[in-house]
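Student: Sharing a structure here in structure tokens format.
None of the figures in this text is laboratory data; all of them are computed from the coordinates on show. Being a predicted model, the structure only gives us computed values, none of them experimental. Using ideal geometry, Cβ is built from the backbone for each residue, glycine included, and neighbour counts are taken over all protein chains shown.
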Amino acid sequence: VADAHPVPVAERGHPARRLVIAIDGPSGSGKSTVARAVAGRLRLRYLDSGAMYRAVTWLALQDRIDLEDAETLAGLAAKIDLRIGTDPAHPTVTVAETDVASAIRTRAVTNAVSVVSSVPGVRLHLVRRQREIIGAGGIVVEGRDIGQVVVPDAQLKIFLTATSETRAERRTRDLTEVSGPVDRASELAQTRAEIERRDRLDTTRVTSPLVRADEALVIDSTALTVDEVVALIVAQIPGRLPAGRGADR
Ligand code: DC
């Protein structure tokens with residue numbers, strides 16, 4: 001996977017250049033908004049690992065692959081021409097040079113992604129690509145298994161959560177942006193049911209389920225603004241910078 005848009009991170013040799021901030025949590029907890037804002041504030045790169053699972057799912061639907069066929073799905077994850085831009089101000093996702101940033105947020109993809117992301121072979125390939133992008137650090141990474149599996153030695157691990165009602169409201173807003181006007185009440189009820197279903201699948205799957213790392217700082221964003229969550233995270237940084245100025249990892 002190529003990192004299409006590397007952004008300048010904190011000055012070369014500065015410890016923040018090697019910092020990895022892992023932000024895990026269920027869908028709608030505010031991970032993307034918060035992770036992008038934290039990365040922007042600290043001049044770090046940003047990686048949306050969920051977008052990678054969504055891109056593979058999008059391609060599987062395009063290619064009409066049977067979602068029960070784990071082997072073919074794993075093969076797809078191995079060979080997909082996926083590019084992820086890590087500029088927090090302009091995150092991009094392309095598959096074979098097609099911009100799929102909106103296409104991966106449709107309901108069809110959202111409903112199929114839990115199944116695709118539960119395939120161990122898919123996770124194997126995507127985790128490998130995530131580690132390539134993360135490289136020496138200087139990045140905020142959001143997902144489900146970042147602190148536990150992808151970067152267990154991340155200096156800062158956040159577990160961001162919110163009630164399923166609040167998360168459904170946020171997702172309904174997101175969906176309106178990609179799908180146009182919708183009937184809010186029925187949309188909300190449907191989205192909440194889907195979120196709860198996806199939570200169930202994400203937390204009970206065998207490979208890398210969504211679980212909180214013991215050392216993670218838990219932030220419940222239900223009653224907090226984005227700025228408040230960002231401030232809580234940024235306040236953690238001074239004590240967590242990798243030791244010494246030395247060479248970049
Ligand atoms: O964060 P999101 O809603 O865009 O994630 C899409 C799906 O991908 C979600 O069902 C969980 C899965 N996912 C995962 O299994 N591991 C990750 N690191 C990120 C997302």
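Student: Does segment 135-227 classify as rounded, prolate or oblate by the C-alpha gyration tensor (a ≥ b ≥ c root eigenvalues; a/c under 1.5 gives rounded; else a/b over b/c gives prolate, otherwise oblate)? Don't skip to the answer; put the middle values down first.
Tutor: Working: a/c = 2.13, a/b = 1.77, b/c = 1.20.
Prolate, because a/c is 1.5 or more and a/b exceeds b/c.
Student: Taking the chain as a Gaussian network, where each spring joins two C-alpha atoms under 10 Å apart, which residue of VAL234, VAL141, VAL113 fluctuates the most?
Tutor: Comparing VAL234, VAL141, VAL113 in a Gaussian network model of the chain, the most mobile one is VAL234.
Student: Would you mind calculating the gained length between THR163 and THR207 on full extension (0.36 nm times residue separation, minus the Cα-Cα distance), in nm to one decimal?
Tutor: Numbers: separation 44, 0.36 × 44 = 15.84 nm, distance 2.46 nm.
Gain in length upon complete extension: 13.4 nm.
Student: Say we join alpha carbon atoms closer than 10 Å with springs in a Gaussian network model of the chain; which of ARG198, ARG212, ARG41 then has the biggest fluctuation?
Tutor: Highest fluctuation among the options: ARG41.
Student: Extension gain ARG64-GLU215, at 0.36 nm per residue separation less the Cα-Cα distance, in nm? Write out the running numbers ahead of the final one.
Tutor: Values: separation 151, 0.36 × 151 = 54.36 nm, distance 4.10 nm.
Full extension of this stretch gives 50.3 nm more.
Student: I would also like to ask the following. Could you sort 79-90, 28-39, 116-127 so that the peptide with the highest average Cβ count within 10 Å comes first and the rest follow in order?
Tutor: Ranked from most to least packed, the peptides come out as 28-39, 116-127, 79-90.
Student: If I stretch the segment between THR98 and GLU177 completely, what's the gain in nm (0.36 nm per residue apart, minus their alpha carbon distance), one decimal?
Tutor: That pair, THR98 and GLU177, stretches by 26.4 nm at full extension.
Student: Zone of THR225 (label point 7 Å along Cα→Cβ, backbone N under 20 Å): which residues in segment 25-54?
Tutor: It comes to 29-42, nothing else.
Student: Need one word for segment 112-165: rounded, prolate or oblate. Basis is the Cα gyration tensor (sqrt eigenvalues a ≥ b ≥ c); a/c below 1.5 gives rounded, then a/b vs b/c decides.
Tutor: Values: a/c = 2.35, a/b = 1.08, b/c = 2.18.
Since a/c reaches 1.5 but b/c is at least a/b, the shape of segment 112-165 is classed as oblate.
Student: Given axes a ≥ b ≥ c from the Cα gyration tensor, I'd like to know whether segment 57-210 is rounded (a/c under 1.5), prolate (a/b larger than b/c) or oblate.
Tutor: Values: a/c = 1.39, a/b = 1.22, b/c = 1.14.
Taking the square roots of the gyration eigenvalues as a ≥ b ≥ c, segment 57-210 is rounded.
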